[in-house]
Amino acid sequence: MDLVEVGTRLELHDLYTAYAACLDTDALEDWPDFFTEDCRYRITSAENYEAGMPIGLIYATSKNMLRDRVTALRQANIYEPQRYRHLVSGVAIAGRGDESGLDVTASFMVVRTMQDGAMTVFAVGRYIDRVVRGPSRWLFARKEVVLDSRRIDTLLAIPL
Amino acid sequence: MDLVEVGTRLELHDLYTAYAACLDTDALEDWPDFFTEDCRYRITSAENYEAGMPIGLIYATSKNMLRDRVTALRQANIYEPQRYRHLVSGVAIAGRGDESGLDVTASFMVVRTMQDGAMTVFAVGRYIDRVVRGPSRWLFARKEVVLDSRRIDTLLAIPL
Amino acid sequence: MDLVEVGTRLELHDLYTAYAACLDTDALEDWPDFFTEDCRYRITSAENYEAGMPIGLIYATSKNMLRDRVTALRQANIYEPQRYRHLVSGVAIAGRGDESGLDVTASFMVVRTMQDGAMTVFAVGRYIDRVVRGPSRWLFARKEVVLDSRRIDTLLAIPL
């Protein structure tokens, strides 16, 4: 493994770490900046993903749609305060289809902590992503958040 | 740290990532290929491990036994569909006893998602492994799956 | 990324892995050795941390105080045996304020396994640390364990 490859690996690790930290610190306004302008972002269930169903709980086809989503979340957020904690494991380069980017997968778990202190496993699943080099860091050109569970109604509120 | 050492570290990271992905995608037929022909594989409890008890919930002393196990699992699997998600953390080289391999440890957690969407922490524990270089990648010559919990009856179904 | 930077990254990964393994194997007597003599160690809630409250559930201002804590724990530990499993994710260098050390953050989850085998998410949160180079490895000059939950009464027993 040469130093360029090593550097790429560690940069991808940084990308997923920064992404998780952005969500966990509720810095939602910074979240769209992890994506390209014409990105595709989707949250779906493993069941739907494997069946090739194009639907998703959240489906966006541009960075602007992600910005709109954040605005809507900030306006709609009338619920009690909650905290989310992402743990990401197994970041791997799954493919290098062409020169323009890398296919990257990772496993994640999110633990939600309610105002009263109760902690629950909120979501587990896989990221199935395509990343491209941006001016200063890697960006998501496509991000599929594939949840192991199909019971996803309570997920409406937040990005993953 | 020189580049060879760095490369080894990242290759081990890849090994555990690929191993987890194999199990989480239910690609059980590929699972034995992570092991050497004369491998030893065991699932046991921390209690039994620390007491030096050689018993295990699953105990195999060859790759062929692992293949048999997969066949049995496929025939016996009459349960409702479940999904498993491994999160692996803290992969570390614990020793380099001789030229033939490396002692590697890691922590893991497995979350199980049932058909109805319920998620539970299914298993946590340590991998205490010995890996050797195979023709194309690192292989497990020995893998001990040491569970923190001794309540392991429900684990009978799947490898970890 | 040059090889020195890569080496530092992997050394920090090793530090957090060894720290977690120390706690998970109940090697508490070794725990103070992860710190500098004049370290600061605190366990607090995110709520208190964000409010700038200097209080903490555990607050120590020297390695000797950590040693005392271990002694007290060993004497007081009349509870049933429990096991803890740390999963650490997202170790990142957050800053390099001066030559003397690095600011490092990471996310963690701890699963507790009771004597009867029951597993629960015991704690999730962030490490907000400052590390310095010691004679043989990196040491914590400051470690803030910031818990997502404020329900922390049961945490009194153990370091995190």
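The values are calculated or read from the model by the stated rules, or taken from the named source; none is laboratory data. Remember, it's a predicted structure, so these values are computed and weren't measured experimentally. So basically every Cβ, Gly included, is an ideal-geometry build from the backbone, and we count neighbours across all protein chains shown. Note: areas computed on protein heavy atoms with side chains; ligands, DNA, RNA excluded. Shrake-Rupley method; radii C 1.70, N 1.55, O 1.52, S 1.80 Å.
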For segment A:28-41, in residue order, the Karplus 3J(HN,Hα) values (coefficients 6.51, -1.76, 1.60; θ = phi - 60°; whole Hz; Gly and Pro = x) are 4, 5, 8, 4, x, 6, 7, 10, 6, 4, 9, 5, 10, 10
Between B:F122 and residues 5 or more places away or on another chain, which pairs have amide H atoms under 5 Å apart, with H built 1.01 Å from N, and which residues are they? B:V110, B:V111, B:R112
Local net charge near C:M53, Cβ-Cβ under 14 Å (Lys/Arg +1, Asp/Glu -1): -1
Tell me which residues come under 5 Å, amide H to amide H, from B:F35 once H is placed; ignore anything under 5 positions away on its chain. B:F140
Inter-copy label distances at A:D33, 7 Å along the Cα→beta-carbon direction, one decimal in nm, shortest first? 4.3, 4.3
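Once you sort the root eigenvalues of the Cα gyration tensor of the protein assembly as shown as a ≥ b ≥ c, which label holds: rounded (a/c under 1.5), prolate (a/b larger than b/c) or oblate (the other case)?
rounded
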Calculate how steeply helix C:3-24 sits against the longest principal axis of the alpha-carbon atoms of chain C, using the helix alpha-carbon long axis, and give the answer as 0 to 90 degrees to the nearest 10. 10 degrees
In nm to one decimal, list the spacings between the B:P54 label point and its equivalents in the other copies, with label points set 7 Å along Cα to Cβ, shortest first. 6.0, 6.0
Lysines near A:K63 by alpha-carbon distance under 20 Å, same-chain residues fewer than 8 away left out - which ones? A:K143
Which length gain, in nm to one decimal place, applies between A:S100 and A:V70 when the Cα-Cα distance is subtracted from 0.36 nm times their residue separation? 8.0 nm
Relative contact order in percent for segment A:114-155 (Cα pairs under 8 Å, 6+ apart) equals 38 percent
How would you classify segment C:15-90 from its alpha-carbon gyration tensor, with a ≥ b ≥ c the square roots of the eigenvalues: rounded for a/c under 1.5, else prolate if a/b is greater than b/c, otherwise oblate? rounded
Sequence order, segment B:45-58: Karplus ³J(HN,Hα) from phi using 6.51 cos²θ - 1.76 cosθ + 1.60, θ = phi - 60°, Hz rounded, Gly and Pro as x, gives 8, 4, 4, 5, 4, 5, 7, x, 6, x, 6, x, 5, 10
At a probe radius of 1.4 Å, figure out the B/C buried accessible area, summed over both chains, and give it in Å² to the nearest 100. 2000 Å²
Using the alpha-carbon atoms, what tilt in degrees (0 to 90, nearest 10) does helix B:63-76 show relative to the longest principal axis of chain B? 20 degrees
³J(HN,Hα) across segment B:99-107 via Karplus (A = 6.51, B = -1.76, C = 1.60, θ = phi - 60°), whole Hz, x for Gly/Pro? 6, 7, x, 10, 8, 10, 10, 7, 9
